[in-house]
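Engineer: Mind having a look at this structure? Questions to follow.
The values are calculated or read from the model by the stated rules, or taken from the named source; none is laboratory data. This structure is a prediction, so every number in the text was calculated from the model and none was measured. Positions of Cβ are generated from backbone atoms using ideal geometry, with glycine treated the same way; all protein chains shown enter the neighbour counts.
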Amino acid sequence: MTTEPTSTDACLDGSMPLSAERDIVACRQLVRKLTQELKFSLVDQTKMITAASELSRNTIVYGQGGVMRWQIVSEGARTGLRLVFEDEGPGIPDIDLALTDGWTSGTGMGIGLSGSRRLVNDFELRTVVGQGTSVTITRWR
Amino acid sequence: MDRIPILKMGRYLLVTIQVDLLDQTALALQDDLSERIAATAAQGVLIDISALEIVDSFVGRILASISGISAIMGATLVVVGMQPAVAITLVELGLSLDGVRTALDVERGMALLNADGASRSDH
């Protein structure tokens with residue numbers, strides 16, 4: 001497990017386990033609370049919560065469980081929320097394919113990964129076959 | 001696991017989703033609705049999602065699937081009450097909910113079902 005680069009201005013962070021389906025709901029509730037505290041607009045809240053819902057389900061269903069780390073980050077005058085979804089599952093053999101709309105390895109519609117990328121400002125996917133996957137998303141206020 | 005209640009109103013079935021949906025709860029709704037459509041020969045199904053704060057690809061898929069199942073069983077599905085922020089997010093996510101009929105609120109959804117029923121009896 002790698003240490004995430006921490007912003008010097010970071011004031012708050014935390015994590016929650018993602019192991020069962022019920023954790024998807026808990027994850028959405030946590031992200032709702034954080035985006036509300038950060039005074040995101042309703043549309044921005046909805047986008048971040050939806051992205052978190054997609055990615056937490058991926059972590060649980062495809063990554064065999066893992067963790068979500070969250071961090072309130074600032075860069076200059078702007079503040080944002082960064083979420084990292086980490087698992088030690090099978091990894092993704094073909095990232096380009098996984099990020100293609102309509103491609104799925106499971107039972108979803110195949111837009112979870114590509115779609116959640118469109119809902120955030122920054123998106124970073126790191127994966128090693130056999131070792132796991134980490135998806136980092138940031139949305140600025 | 002919570003199950004979402006399905007109300008029968010004349011020829012229609014009415015569902016109001018008021019909880020933050022577990023995936024299993026959404027799947028159970030699909031099964032329960034299919035059975036209720038068969039048992040009641042309902043002509044229309046109205047699902048009110050105005051209390052839902054997000055619709056992700058899983059719930060979107062279930063709604064599309066319920067729409068398809070309903071159509072095959074002779075019932076029209078109308079999804080009503082989607083919040084504007086949810087609609088904006090859905091489109092950006094890439095979900096168009098193809099084939100799912102929608103209306104702004106329960107009243108307009110009912111009007112859609114009634115118009116559908118009227119055109120059926122004309123033929």
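Engineer: In the range A:44-83, what count of residues is obtained for those that are facing another protein chain (nearest Cβ under 10 Å), of a type in the set (Val, Ile, Thr) and touching a Lys or Arg at 6+ places or on another chain (Cβ under 7 Å)?
Structural biologist: Here the count works out to 1.
Engineer: Can you report the number of residues in the range B:34-48 which are within 30 Å of A:Met48 (Cα to Cα) and surrounded by fewer than 21 Cβ atoms within 10 Å (Cβ to Cβ)?
Structural biologist: 1
Engineer: Among the candidates A:Arg117, A:Arg126, A:Arg57, which residue alone is touching a Ser or Thr at 6+ places or on another chain (Cβ under 6 Å) and among the basic types (Lys, Arg)?
Structural biologist: Being touching a Ser or Thr at 6+ places or on another chain (Cβ under 6 Å) and among the basic types (Lys, Arg) holds for just one of A:Arg117, A:Arg126, A:Arg57, which is A:Arg126.
Engineer: Here is a check on your reading of the model: is B:Ile88 of a type in the set (A, V, I, L, M, F, W, C), buried (at least 19 other Cβ atoms within 10 Å of the Cβ) and modelled with pLDDT of 95 or more?
Structural biologist: For B:Ile88, the condition - of a type in the set (A, V, I, L, M, F, W, C), buried (at least 19 other Cβ atoms within 10 Å of the Cβ) and modelled with pLDDT of 95 or more - is not met.
Engineer: Can you tell me which residue in the range A:91-133 is modelled with the lowest pLDDT, limited to those that are surrounded by 15 or more Cβ atoms within 10 Å (Cβ to Cβ) and β-branched (Val, Ile, Thr)?
Structural biologist: Here the residue is A:Thr104.
Engineer: Just checking, which of A:Thr46, A:Thr50 is in contact (Cβ under 8 Å) with a residue 60 or more places away in the chain, crowded, with 22+ Cβ neighbours inside 10 Å and out of contact with any strand residue (DSSP E or B) (no Cβ under 8 Å at 6 or more places or on another chain)?
Structural biologist: A:Thr50
Condition check ((1) farther than 30 Å from A:Ile60 by Cα; (2) surrounded by fewer than 22 Cβ atoms within 10 Å (Cβ to Cβ)) across all residues:
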site: B:Asp32; (1), (2): no, yes
site: B:Ser57; (1), (2): no, no
site: B:Ile66; (1), (2): no, no
site: B:Thr76; (1), (2): yes, yes
site: B:Gly109; (1), (2): yes, no
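Engineer: Looking only at the range A:1-19, how many residues end up being modelled with pLDDT of 95 or more and more than 12 Å from A:Leu83 (Cβ to Cβ)?
Structural biologist: 2
Engineer: Could you tell me which residue of the range A:27-43 is nearest to the chain's Cα centre (by Cα), considering only residues that are away from every other protein chain (no Cβ under 13 Å) and at negative phi?
Structural biologist: Among them, the one singled out is A:Leu34.
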